[in-house]
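Student: Quick one: structure below, then a few questions.
Since every read-out is calculated from the coordinates, none of them should be taken as a lab result. All values reported here derive from a predicted model rather than from experimental measurement. Positions of Cβ are backbone-derived with ideal geometry, glycine not excepted, and every protein chain shown enters the neighbour counts.
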Amino acid sequence: MFHRDPNRIYPTETESRVIVRFQDCDPLQHLNNAKYFDYYFNAREDQVAKLYDFSPGQLFRELKTSWVVYQHQIAYVRPALVSEWVRVKSRLIYFNEDTTVTEYVMTDDEKTHLKNVLWVTSKYVSIVTGKRIPHDEKVNELLQTIIVPTIDFLSLNFNDRIREIKQQIIG
């Protein structure tokens, strides 16, 4: 379970470099729309374990809790192509007592072209009752440590955020 080390700096953004696999592409050699989720979730799981010493499996085993996906918002901006190296970034942009919103961004390897943006809203639930519950104290500590403090999610519009990310990429 996560224990914040006051002498350590925790990044608020994770990043992985991955190659688009042939088996994950459609006949046009584009990454299949459904496969974006696999690429995002696999990258996030690997990076969160490495950067924060945390695994969602720990929630399940130790606290009998988990996050369940409530909503996705996704924009396919440019195709990711077969055998292309891409960058997958993720960051926590919002949380409250029982909800998190994680933002995922895919770019080309040089980080000059935006390919995809995904927002995932998840609810924190007891696996015993299946009902929403407030985040555990240790989970809150993790969320407070890794949230991007400069993003005001409650005033954001998804399409405006996509434009903002594009501008950041262009520089």
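Student: Trp85 versus (1) in contact (Cβ under 8 Å) with a residue 60 or more places away in the chain; (2) surrounded by 17 or more Cβ atoms within 10 Å (Cβ to Cβ): which is the lone unmet condition?
Tutor: With respect to (1) in contact (Cβ under 8 Å) with a residue 60 or more places away in the chain; (2) surrounded by 17 or more Cβ atoms within 10 Å (Cβ to Cβ), Trp85 is out only on (2).
Student: So how many residues does the range 129-140 have that are more than 18 Å from the chain's Cα centre (by Cα) and farther than 17 Å from Val69 by Cα?
Tutor: The number of residues fulfilling the criteria is 3.
Student: May I pose another question? Taking the range 25-37, which residues are within 20 Å of the chain's Cα centre (by Cα) and either part of a strand (DSSP E or B) or not small (Gly, Ala, Ser) (or both)? Spell out the reasoning first.
Tutor: If we filter the range 25-37 for residues that are within 20 Å of the chain's Cα centre (by Cα), which is where we start, we get 31-37.
Residues satisfying the conditions are Leu31, Asn32, Asn33, Lys35, Tyr36, Phe37.
Student: Condition first: surrounded by 14 or more Cβ atoms within 10 Å (Cβ to Cβ), touching a residue at least 60 places away in the same chain (Cβ under 8 Å) and over 16 Å from the mean Cα position of the chain (by Cα). Now tell me which residues in the range 38-63 satisfy that.
Tutor: Across the range 38-63, the qualifying residues are Leu59, Leu63.
Student: Within the range 145-155, take every residue that is touching a residue at least 12 places away in the same chain (Cβ under 8 Å) and of a type outside the set (Phe, Trp, Tyr) and give me the one that is nearest to Thr100 (Cα to Cα). Reasoning before the result, please.
Tutor: The initial filter retains those residues of the range 145-155 that are touching a residue at least 12 places away in the same chain (Cβ under 8 Å), namely 145-149, 151, 153-154.
Checking which are of a type outside the set (Phe, Trp, Tyr) leaves us with 145-149, 151, 154.
Working: Thr145: 13, Ile146: 12, Ile147: 10, Val148: 12, Pro149: 14, Ile151: 13, Leu154: 12 Å.
Top of the filtered list is Ile147.
Student: Mind counting the residues in the range 64-90 that are closer than 14 Å to Ser122 by Cβ, under 16 Å from the mean Cα position of the chain (by Cα) and of a type outside the set (Phe, Trp, Tyr)? Steps first, please.
Tutor: First, the residues of the range 64-90 that are closer than 14 Å to Ser122 by Cβ: 65-73, 90.
After this cut, where a residue has to be under 16 Å from the mean Cα position of the chain (by Cα) as well, the list is 66-73, 90.
Among the residues that remain, those that are also of a type outside the set (Phe, Trp, Tyr) are: 66, 68-69, 71-73, 90.
Selection size over the range 64-90: 7.
Student: I've got another one for you. Please go through the range 15-36 and pick out each residue that is surrounded by 16 or more Cβ atoms within 10 Å (Cβ to Cβ) and of a type in the set (A, V, I, L, M, F, W, C).
Tutor: Val18, Val20, Cys25, Leu31
Student: While we're looking at this one, here's another question. Can you name the number of the only condition in (1) in contact with a helix residue (DSSP H, G or I) (Cβ under 9 Å, 6 or more places away or on another chain); (2) on the phi > 0 side of the Ramachandran plot that Asp53 fails?
Tutor: Result: Asp53 passes all but (1).
Student: Taking the conditions exactly as written (without any contact (Cβ under 8 Å) to a residue 12 or more places away in the chain and under 26 Å from Ile133 (Cα atoms)), does Ser66 satisfy them or not?
Tutor: Values: without any contact (Cβ under 8 Å) to a residue 12 or more places away in the chain: no; under 26 Å from Ile133 (Cα atoms): yes.
Here the answer is no, as Ser66 does not meet what is asked.
Student: While we're on this one: When you look at Glu15, is it assigned to a strand (DSSP E or B) and either within 30 Å of Asp160 (Cα to Cα) or not polar (S, T, N, Q) (or both), yes or no?
Tutor: Numbers: assigned to a strand (DSSP E or B): yes; either within 30 Å of Asp160 (Cα to Cα) or not polar (S, T, N, Q) (or both): yes.
It is true that Glu15 is assigned to a strand (DSSP E or B) and either within 30 Å of Asp160 (Cα to Cα) or not polar (S, T, N, Q) (or both).
Student: Right, here's the next one. For Thr107, indicate whether it is surrounded by 15 or more Cβ atoms within 10 Å (Cβ to Cβ), more than 18 Å from Phe153 (Cα to Cα) and within 15 Å of the chain's Cα centre (by Cα). I'd like the intermediate steps shown before the answer.
Tutor: Values: surrounded by 15 or more Cβ atoms within 10 Å (Cβ to Cβ): yes; more than 18 Å from Phe153 (Cα to Cα): yes; within 15 Å of the chain's Cα centre (by Cα): yes.
The answer is yes for Thr107.
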